[in-house]
Structures are given as structure tokens and as C-alpha cells.
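To start, the structure under review is shown below, and the notes come after it.
The values are calculated or read from the model by the stated rules, or taken from the named source; none is laboratory data. Because the structure is a prediction, the values reported are computed rather than measured. Cβ coordinates were reconstructed from backbone atoms using ideal geometry, including for glycine residues, and neighbour counts include every protein chain displayed. What goes into the accessible areas is simple: the full protein's heavy atoms, side chains included, and nothing from ligands, DNA or RNA. Shrake-Rupley method; radii C 1.70, N 1.55, O 1.52, S 1.80 Å.
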Amino acid sequence: MEKTALILFALIAGSIGLMAQEADSTSLRPSFGVDYTGEVQTDFERFRQANLLELKADIPFSKALSFQVSTITAWTTRPYLDVNDLQVFSNIDVYALRVPFSLAVAGFTWQMNDRHSLFAGIRRVDEDYFCSDVMGLFTNSSCGIFPTLSYNEHANTFPFAAMGLHYVYDHKNICLQASLYNGDCDYHLTGRYNMFRVCPQSDGVFAIGQVEYRHRDSHYYLGGSLNSGPDSAPTMWAYAEQALMPNLTMILVYSHAFGKRLYCNDFCGIGARYVYKRAEFGIFSDFTSVVDFEEDPSDEIDEFATEFVCELHLTDYLSVKPVLHIITTDDETKYVGMLRVKLSF
């Protein structure tokens, strides 16, 4: 696996070099980026560390056609803390998984004009959905993808990716997105089940779409998803980021999955973000209910989770984010503290 990853990385690097030469010949400049995110987690009895390294490149062939690639490497120092949360308090944590090298994005974007674009290749849902500035402040995984999707669908969200198409229409105060992915996803580059699979007959097709309406500093979202497989669970969601003042935004979230024998039918949340100079402060509380069909299909597990977060942008390249999670699962309350550091170049 490691040998394959190194070979693939060398091929990507070679391709980037060739594309960079082509980009220079057309006076278009490629862009490259490196992001490292590391965090220390504690349940106030033991400690744990999670790490995520992302390498990114955007190589234009012309004004209309470009190639994007983004890789991830993720690892942790121990399997678990003593927190049996349903929603996963850290959105960079791979827990028992080890991801030495994988792809988050690898494909081509055709910029048809200033309004329409189409991407084809490897991609993750959370590259485009549930990733607004307010949502992006919080570390709870439910802010990155709602549990009505992540529990019921094998959605291609971190660290999983899948082959697909992603279309965007963006003009003035309207942004429309629609995506079509292979119904199964993975983080492996090789093997029978890998992220390059295109098998709609056996895996089904995962479709997701969203419309965003922008009014001044407020944003309003309405979206839905559907998997064509036999256990499909149509899902809809709506959330609003309402600007109350120039530096204060309130967020309201609701999502529902339609169908019987689903792990999660409903998710709702409320929160706010306040910006003061180079600091952001946020609070987000949510509720969801999950059924464990393996243990007792008639027993629903309720979870209330609240996150307090502060992000300090120390420089243009460095930010520090202390976080406190208060998680109540089936009347048992747990506390998780985190300190996240992010370096971006």
C-alpha cells in the first residue's frame, strides 16, 4: 500500500510538473498549498492527538480548463477517548483508521463561463456542501455533514471520496450545486473496493444538490440527496445563516431523512458566530436521535451536543482554536476539551 501510494504520488508530481510547464506557456500560473491541522483532545482523564496533512494544487491548462488535486494523510496516537458520542466531536479524526496517503480531489474543472462550471473526477461531498464560513468554524462532524446523511448513506465525506460529477451555477445572489457520485466510496487507492470505482449497477448512484440564496451578509440553504440503492433514504435539509449585526451571525439548521428502518431520521441545531478583529467566537447546540439496529431496533439513542469554540488567527498562516464539547448521550454527559492548531501555506 505504501509503495503504491509513493508511485501514485510520483505520477501526480510528474503530471503537475508537465501541467505547470503548459500553464506557463499560456501565461496562467498554477497554485499550490499545504495545510497541516493538529489537535490535542482530552476527556480530562486521558489525552489523544489527531493530525491531518493536506497537499493541494490547482493547475490551469487554459482559462476554461484546469486540473485540481488534493491529497490527505491522517493519523492518531491512540484509538479512543472514553466518549461514546454519536456525532463525532472532531471532523479531522479518523479514529481506528490510518490514512497514509489518499485523495480528496483529483479531476478536471471546465469553467464554461463566469456562471457555469463542471468538475469530473475524484471528489468529496464536504468540498462543496456544509462548508460555509460559519459551519467551518465548528469542529463537530455534524457541522460538516448532517447525521441524516452520514448515518443512512455511505456518503463520500472525509476521509472517503468517490468518482463523480459536480456542477455549479453561481450568479449574483444565487448559487446552485448538483453532484452525482458512485454510490459507494472509499479512501483506498487500490483493491476491489477503491475510490476509483464506477459501478452504478452494484453500488448505485448518490445524488446531492443544494441551492443557496445570498442577501447582504446572510445565507440561506435548501438541499436534498438520494441514493439509488435498495436502502435509499431521501434526505432534505435547510439552514440559515442570518446576519444580526456586521460581526454577529445566527445559524439555524434542520434536516430530515424519509423512510423506515433508518439509523437517523432527524437533526436540528442552533448557534451563533461572533467576529472581533482577528478572533472568532462560536457556540452551536444540536440534537439527533439514532437507532442501533444491531442492539435493539426499538431503542432510540438521543444525543444533545454543545460546542464552544474560539479561533485566534495569529498570522495569515497560523491559527489556534481552543474548543469545549459538552455531549449528553442517553442521559450520560461527557466533556471533551480540544486545542487545534492549523498551519496554511
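Brief remarks on what is shown
- Considering only Leu252, Val99, Ser66, and ranking their Cα positions along the charge dipole of the chain that arises from unit charges at the beta-carbon of Lys, Arg, Asp and Glu, the one farthest toward the positive end is Ser66.
- Charged-residue dipole, Cβ positions (Lys, Arg, Asp, Glu), the range 126-202 about Cα centre, Debye nearest 20: 160
- For the range 280-290, 3J(HN,Hα) computed residue by residue from phi via the Karplus equation (6.51, -1.76, 1.60; θ = phi - 60°) reads 10, 10, x, 9, 9, 10, 9, 9, 8, 9, 10 Hz, glycine and proline entered as x.
- Leu314 exposes around 100 Å² of accessible area when a 1.4 Å probe is run over every protein chain in place.
- Degrees between helix 2-25 axis and first principal axis of the chain (Cα, 0 to 90, nearest 10): 50
- Karplus-derived HN-Hα couplings along the range 170-182 (A = 6.51, B = -1.76, C = 1.60, θ = phi - 60°), whole Hz, x at Gly and Pro: 9, 8, 6, 9, 10, 10, 10, 10, 8, 9, 9, 10, 4
- Other residues with beta-carbon under 9 Å from the beta-carbon of Phe287 carry, at +1 per Lys or Arg and -1 per Asp or Glu, a net charge of -4.
- Lys, Arg +1 and Asp, Glu -1 on Cβ, resulting dipole of the chain about Cα centre, debye, nearest 20: 1440
- Binning all Cα-Cα separations of the range 43-112 at 10 Å, short to long from zero, yields these whole-percent fractions: 17, 35, 22, 16, 8, 1.
- For the range 53-98, with all protein chains in place and a probe radius of 1.4 Å, 60% of the accessible heavy-atom surface sits on carbon or sulfur.
- Largest accessible area first, the residues Lys277, Lys334 order themselves as Lys277, Lys334 under a 1.4 Å probe with ligands, DNA and RNA left out.
- Each of the peptides 134-140, 172-178 was scored by the mean count of other Cβ atoms within 10 Å over its residues; in descending order, highest first, they stand as 134-140, 172-178.
- Values [x] 20.9; [y] 18.1; [z] 23.5 are given for comparison; mean projected area of the Cα convex hull in nm², derived from the coordinates here, is the one labelled [y].
- Using θ = phi - 60° and Karplus 6.51 cos²θ - 1.76 cosθ + 1.60, couplings along the range 249-257 (whole Hz; Gly, Pro as x): 10, 9, 10, 10, 9, 8, 9, 9, 10
- With a Förster radius of 22 Å applied to the C-beta separation of Leu314 and Arg46, the computed FRET efficiency comes to 0.20.
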